[in-house]
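Student: Here it is, the structure, as structure tokens.
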Amino acid sequence: MMHKVLALAIALMLLTIGAVGAAAAAQPWTFGVSYQNLAFPYVAALQKAAQAACKALAVKCLETDAFNDTEKELKNVESMLAQGVNCLAFEAASLKASSASIVAANKKGVPVVQFNGKADGGQWVTFVGSEQPDSGAQLGVWLAGLYKQLGKPQLKGIYLRGVAGQITDLARNDGLKNRLKAENLLDKINFTEQYADYDRGKGQSVTESLLTRDKSYDFIVANNDDMILGALQVARQFKLIGKVHMAGVDGLPEALDAIQKGELDATVFQDPEGQGGGGIWGCYLHLSGVKLPKDILIPFKLVTKANVSDFVAIAKRVYVK
């Protein structure tokens with residue numbers, strides 16, 4: 001099934017092809033593409049989707065990796081601007097500090113399309129992505145359901161956070177806590193919170209340390225699937241599968257497979273095809289003269305065993321093996 005963003009892009013192109021189609025095809029455009037950190041599997045999947053869109057649209061794409069460092073991010077962007085890119089597809093690493101890269105593009109008159117990570121400064125054409133607080137809210141929906149399912153007056157769990165102060169981690173935390181507050185469950189669901197930097201190995205070591213001291217946790221949630229997969233390895237070692245309930249965010253193929261096997265309870269799927277490909281399409285459509293909405297939003301989806309098969313095909317297409 002064609003993704004909504006691509007469907008929107010094609011629909012907009014059909015509406016405008018008479019006026020701009022021939023001109024767009026004749027343009028030797030070069031896009032700059034800036035990623036947060038390609039070490040994260042989800043960002044690597046964004047890259048694969050973006051590269052596919054660049055190829056499909058026959059545009060040249062210069063790619064850079066910020067490694068989650070906003071100073072490096074700015075230097076990368078300035079380098080691409082110096083090479084004469086026609087549009088910047090930008091995945092912000094920071095809500096505030098990444099604005100400097102957008103402002104740099106503004107000064108050069110280069111349009112900016114944000115995707116996945118969204119900075120709040122400077123001027124940009126459109127944002128293609130998901131509202132990150134909603135991913136945390138979906139985790140909150142799952143936890144509320146777990147609370148009802150287990151029937152205990154109090155639940156206690158481990159919450160694996162990402163990188164301290166990082167834009168996505170803050171948004172997901174806010175979404176989760178706000179959802180539980182709305183459900184009147186903040187005082188009934190207790191967290192032991194630890195940062196594990198979105199890293200599988202760190203997720204494993206943090207979880208091992210906590211479960212070695214206390215194996216009576218009801219659940220483990222994580223702000224990405226890499227960390228929850230690390231925690232899952234510990235749960236297997238300690239024979240806690242089915243006793244401690246687990247959920248993450250992203251929809252990595254391994255997480256979907258673990259859900260199918262009944263080892264992982266849930267994940268919150270975000271679509272790298274829509275976001276990574278949509279960032280490139282946003283640049284292409286803008287340069288083609290199409291007026292885009294300020295936000296092209298792709299909703300998060302809570303994935304459980306009941307609906308996991310709906311998401312497997314997308315994940316297999318874009319995740320690097």
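None of the figures in this text is laboratory data; all of them are computed from the coordinates on show. As the structure is a prediction and not an experimental result, all values here were calculated from the model. Here the Cβ positions follow ideal geometry from the backbone for every residue, glycine too, while neighbour counts run over all protein chains shown.
Student: Yes or no: region 41-59 includes at least one residue that is farther than 18 Å from residue 282 by Cβ and in a loop (DSSP other than H, G, I, E, B).
Tutor: So far as region 41-59 goes, no, none of its residues is farther than 18 Å from residue 282 by Cβ and in a loop (DSSP other than H, G, I, E, B).
Student: Considering only region 187-222, state which residues are among the aromatic types (Phe, Trp, Tyr) and in contact (Cβ under 8 Å) with a residue 60 or more places away in the chain. Break it down into steps so the answer makes sense when it comes.
Tutor: To start, the set of residues in region 187-222 that are among the aromatic types (Phe, Trp, Tyr) comprises 191, 195, 198, 217, 219.
Hits for region 187-222 are 198, 217, 219.
Student: Residue check: is residue 106 touching a residue at least 12 places away in the same chain (Cβ under 8 Å), on the phi < 0 side of the Ramachandran plot, surrounded by fewer than 20 Cβ atoms within 10 Å (Cβ to Cβ) and among the polar types (S, T, N, Q)?
Tutor: Working: touching a residue at least 12 places away in the same chain (Cβ under 8 Å): yes; on the phi < 0 side of the Ramachandran plot: yes; surrounded by fewer than 20 Cβ atoms within 10 Å (Cβ to Cβ): yes; among the polar types (S, T, N, Q): yes.
Yes; evaluated as a whole, the condition is true for this residue.
Student: Further, regarding this structure: Take residue 118 and decide whether it is among the basic types (Lys, Arg), surrounded by fewer than 18 Cβ atoms within 10 Å (Cβ to Cβ) and out of contact with any His (no Cβ under 6 Å at 6 or more places or on another chain).
Tutor: Values: among the basic types (Lys, Arg): yes; surrounded by fewer than 18 Cβ atoms within 10 Å (Cβ to Cβ): no; out of contact with any His (no Cβ under 6 Å at 6 or more places or on another chain): yes.
For residue 118, the condition - among the basic types (Lys, Arg), surrounded by fewer than 18 Cβ atoms within 10 Å (Cβ to Cβ) and out of contact with any His (no Cβ under 6 Å at 6 or more places or on another chain) - is not met.
Student: Take the conditions among the hydrophobic types (A, V, I, L, M, F, W, C), assigned to a loop (DSSP other than H, G, I, E, B), touching a Leu at 6+ places or on another chain (Cβ under 9 Å) and in contact (Cβ under 8 Å) with a residue 24 or more places away in the chain and apply them to residue 264. Does it pass? Give the derivation first.
Tutor: Working: among the hydrophobic types (A, V, I, L, M, F, W, C): yes; assigned to a loop (DSSP other than H, G, I, E, B): yes; touching a Leu at 6+ places or on another chain (Cβ under 9 Å): yes; in contact (Cβ under 8 Å) with a residue 24 or more places away in the chain: yes.
When the stated conditions are applied, residue 264 passes them.
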